[in-house]
1. Across the chain, how many lysine pairs, 8 or more apart or on two chains, come within less than 23 Å at their alpha-carbon atoms?
2. For each of Leu6, Leu95, count neighbouring Cβ atoms within 10 Å of the residue's Cβ, then give the residues from fewest to most.
3. So for Tyr93, Tyr57, fewest C-beta neighbours within 10 Å to most, what's the order?
4. Please list, in order along segment 4-21, the HN-Hα scalar couplings obtained from phi with the Karplus expression 6.51 cos²θ - 1.76 cosθ + 1.60 (θ = phi - 60°), rounded to whole Hz, x for Gly and Pro.
5. What span do the alpha-carbon atoms of the chain cover on each of the three principal axes, reported in whole Å from largest to smallest?
6. At 222 nm, what helix-only mean residue ellipticity would the chain give, in deg cm²/dmol to the nearest 500, using -39500 (n - 2.57) for each DSSP H run of four or more?
7. Just to be sure I understand: with springs between alpha-carbon atoms less than 10 Å apart, which residue in Ile75, Ile85, Ile41 has the highest mean-square fluctuation in the Gaussian network model of the chain?
8. How far is helix 62-75 tilted, in degrees, relative to the longest principal axis of the Cα atoms in the chain, given as a value from 0 to 90 rounded to the nearest 10?
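Bear in mind these aren't lab numbers, they're just calculated from the coordinates by the rules spelled out. Only a predicted model underlies this, so the values are computations on that prediction, with no experimental measurement involved. Note that each Cβ is placed from the backbone with ideal geometry, even for glycine, and that neighbours are counted across all protein chains shown.
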Amino acid sequence: MIVQDLVIEPDTWRVWKRGKELKLPNREFELLRFLATNPNIVFSKETLFEKIWGYDYISDAATVSVHINRLREKIEDDARNPQIIETIWGAGYRLNL
């Protein structure tokens, strides 16, 4: 799947940005893949936590923010002004195509 200048290969767990492979840990890849398969939909931190980590995982939704920030550092041209994964204040996050 293609998201802006990213190529995401779900079957091989690989992500490319402008022809360069990005190394993503499992949770970051799962988070990116989930958002990319549900573009333009806003998901709360709680929903993302449940979808990616599951109900049995002991932590909280703040974990999502940490992973989103790490992911942005890798996929965005400017992590302070994200264009791919957007924060919707008071609601959650959305991946923009």
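1. Values: Lys17/Lys74; Lys20/Lys74; Lys23/Lys51; Lys23/Lys74; Lys45/Lys74; Lys51/Lys74.
Pairs that pass both the separation and distance tests number 6.
2. On the way: Leu6 19, Leu95 22.
Ordered by Cβ neighbours within 10 Å, fewest first: Leu6, Leu95.
3. Values: Tyr93 22, Tyr57 11.
In increasing order of surrounding Cβ atoms, one gets Tyr57, Tyr93.
4. Listing the rounded values in order: 6, 9, 9, 10, 10, 10, x, 6, 9, 6, 10, 9, 10, 10, 6, x, 9, 6 Hz.
5. 36, 28, 20
6. Numbers: 3 runs with 34 residues, N = 97.
So the calculated ellipticity at 222 nm is -10500 deg cm²/dmol.
7. Sorting by GNM fluctuation, first place goes to Ile41.
8. 10 degrees
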